[in-house]
Amino acid sequence: MKHLILFLAILVMTTATVSRAMKTVEMPSKSPLIAFRIQFRIGSINDIKGKEGINALTSFLLAQGGTQELSFKQVIEKMYPWAAGIDVQPDKEVTTFIGNVHRDHLENFYKIFSDLMLHPRLDGEDFNRVKDDAINYLTNNLRSINDEELGKQTLQSLVYDEHPYGTTVNGTVQGIAAITLDDVKSYYQTMYTQSQLSIGIAGDYPKGFVEKMKKDFSQLPKGAVTIVPLPKPKEIRDIEVTIVEKPARATAISFGFPVEVTRADNDFYALMVVNSYFGEHRTFNGVLMNKIRGDRGINYGDYSYIENFIQEGGSRFFIPNIPRRQQYFSVWIRPTKPEDAHFSLREAMRELKILCEKGLTKEQFETSRDFVVNYSKLWVQTQNRRLGFELDSKFYGTEFFIDKLEKELKKLTVADVNKAIKKYLQYQNVKVAIVAQNAHELKEKILTNAESPIHYATKVPDAILEEDKLIVKYPLNINKDAFNVVSANELFEK
């Protein structure tokens, strides 16, 4: 434990530190439902070398480990009649504790919710349970059964190789295995401070309640914000491919590259229009969805993203509170039949090239812009989500995201959008992550640019067949020195 405390002290000295008071975000309303988002400016970028995963593990132990007064089982039993909920969401830059309760049970709920962070139980039995869950997620879920997420996580590790964003939010197998309960206690004492804290609350809470929260959370050490420096991601040369080999009935494909733009930049909003036109998540607006699924019926969905995207449950929407100072553009081709994988990769790459070279027409721009303006209103249907977006806006230093989006989009022209395409998007230098069973066979096809014919079970229009003749031979400029095949069991190990 002494070594860990010394390491944390060195970490604080070698990163930028800024002292500040805790922040508060208040969203009073007439809703009887009270929403909490308690956020700390710490994430997986603060993980300790050799103990990757300590940030996530600490947050899960706080949220799922009880208080000094109540065991976790007792917490669940007390909250059940209130229909209340508590969750935690660790990410790269921030960790957010989320609570929901009806105002009739506010006082009792808040006592438990706040005690989880202020007076955590940190029990050995709970620690072992949460630690086992963390390792099982990497070994038995991510590596074994969740090929879609495996591809996306692999892509991130490739885009951010030797970068603070490079490991998963959950850490690594060996990193988690090395963490002790004393390590977690030390991390909690050092990192959970007032300076790192933002308190968010929404709903019909009583007068003076925010002041009570501020007083309660002032029990935490004052501390300082530790700003971990982010290097520029490594340069990508041509198309660099990694195939993850594992037993799989279908083939999942993700590809992308870093983009030097975030919500803090006005160009981001131009790219939102572009992205909606090209591949809006789980809609039939996008070129990718229409070309790959709609016209050809190859798979379930094909989408693109201009920032990190995590879907909220079974919805079409992304979760708030996963902000980043650096972002990346990506394309997700949901699993295809193995024989269609090479064709699908070519088709998506070809469409990206067409987008980069031709841009949007005035009509395409106006239709996509109007859709995004109206669609974005659905992202804040609940006050808890609205509260989350408000915290994100504070992170990026902007006005409320949905308001800024509408304001920026109404000022845009098609020329602005096409200029942003030229500035930020490209198709020449791309990282590709593929999860496949037939890894070496697929590698040979991609490396040799072999034709990738596609066969349809039903009749398709002649125009599509004519376009297919171009796609099956579409050249991919592969960097042969950066083409790797790895076993899934090797990933996220250390």
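The values are calculated or read from the model by the stated rules, or taken from the named source; none is laboratory data. This is a predicted model, so every value here is computed, not measured. Cβ placement follows ideal geometry from the backbone for every residue including glycine, while neighbour counts extend to all protein chains displayed.
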Residue pairs within 7 Å by beta carbon, gap of at least six or interchain, first lying in the range 114-138 and under 18 Å from residue 178 (Cβ atoms), second of a type in the set (S, T, N, Q), listed first then second, are 130/64; 134/170; 137/170; 138/170
Subset of the range 448-494, residues assigned to a helix (DSSP H, G or I), charged (D, E, K, R) and more than 34 Å from the chain's Cα centre (by Cα), comes to 462, 466, 467, 469
Taking the range 386-412 and keeping only residues that are β-branched (Val, Ile, Thr) and in a helix (DSSP H, G or I), one is left with 402
Scanning the range 368-379 residue by residue, those free of Cβ contacts under 8 Å to residues at least 60 places away in the same chain and either touching a Pro at 6+ places or on another chain (Cβ under 9 Å) or of a type in the set (Ser, Thr, Tyr) (or both) turn out to be 376
Screening 315, 344, 254 for residues that are in a loop (DSSP other than H, G, I, E, B) and assigned by TED's automatic domain parsing to the domain that holds residue 451 leaves only 315
Residues of the range 261-308 being assigned to a loop (DSSP other than H, G, I, E, B), more than 17 Å from the chain's Cα centre (by Cα) and of a type outside the set (Ser, Thr, Tyr), in sequence order, are 264, 265, 266, 284, 285, 286, 295, 296, 297, 298, 299, 301
From the option list 422, 411, 404, 459, single residue qualifying as out of contact with any Leu (no Cβ under 9 Å at 6 or more places or on another chain), under 27 Å from residue 275 (Cβ atoms) and without any contact (Cβ under 8 Å) to a residue 24 or more places away in the chain is 411
query = Any residue at all in the range 435-444 that is assigned by TED's automatic domain parsing to the domain that holds residue 483, out of contact with any strand residue (DSSP E or B) (no Cβ under 9 Å at 6 or more places or on another chain) and in a helix (DSSP H, G or I)?
reply = yes
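Residues checked against (1) touching a Leu at 6+ places or on another chain (Cβ under 7 Å); (2) not charged (D, E, K, R):
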| position | (1), (2) |
| --- | --- |
| 35 | yes, yes |
| 60 | no, yes |
| 73 | no, no |
| 77 | no, no |
| 81 | no, yes |
| 101 | no, yes |
| 108 | no, yes |
| 120 | yes, yes |
How many residues of the range 43-68 are in a helix (DSSP H, G or I) and closer than 19 Å to residue 126 by Cα? The answer is 10
Listed by first then second residue, the pairs whose first member lies in the range 162-188 and is in contact (Cβ under 8 Å) with a residue 24 or more places away in the chain and within 25 Å of residue 234 (Cα to Cα), whose partner is β-branched (Val, Ile, Thr) and in a loop (DSSP other than H, G, I, E, B), with beta carbons under 8 Å and at least 6 positions apart or on separate chains, are 164/228; 175/167
For the range 1-13, indicate whether the set of residues that are in a strand (DSSP E or B), assigned by TED's automatic domain parsing to the domain that holds residue 222 and either buried (at least 16 other Cβ atoms within 10 Å of the Cβ) or at pLDDT below 95 (or both) is non-empty.
no
For the range 241-255, pairs from a residue that is farther than 19 Å from residue 303 by Cα to a residue that is of a type in the set (Ser, Thr, Tyr), with Cβ under 8 Å and 6 or more apart or across chains, are 242/154; 244/154; 244/487; 245/487; 246/144; 246/487
Note on the range 443-494: residues surrounded by 12 or more Cβ atoms within 10 Å (Cβ to Cβ), within 30 Å of residue 137 (Cα to Cα) and of a type in the set (Asp, Glu) are 493
Taking the range 69-86 and the residues there that are under 8 Å from residue 112 (Cβ atoms) and assigned to a helix (DSSP H, G or I), the one that is farthest from the chain's Cα centre (by Cα) would be 78
Just one listed residue, out of 429, 438, is surrounded by fewer than 18 Cβ atoms within 10 Å (Cβ to Cβ), within 29 Å of residue 146 (Cβ to Cβ) and over 27 Å from the mean Cα position of the chain (by Cα), and it is 438
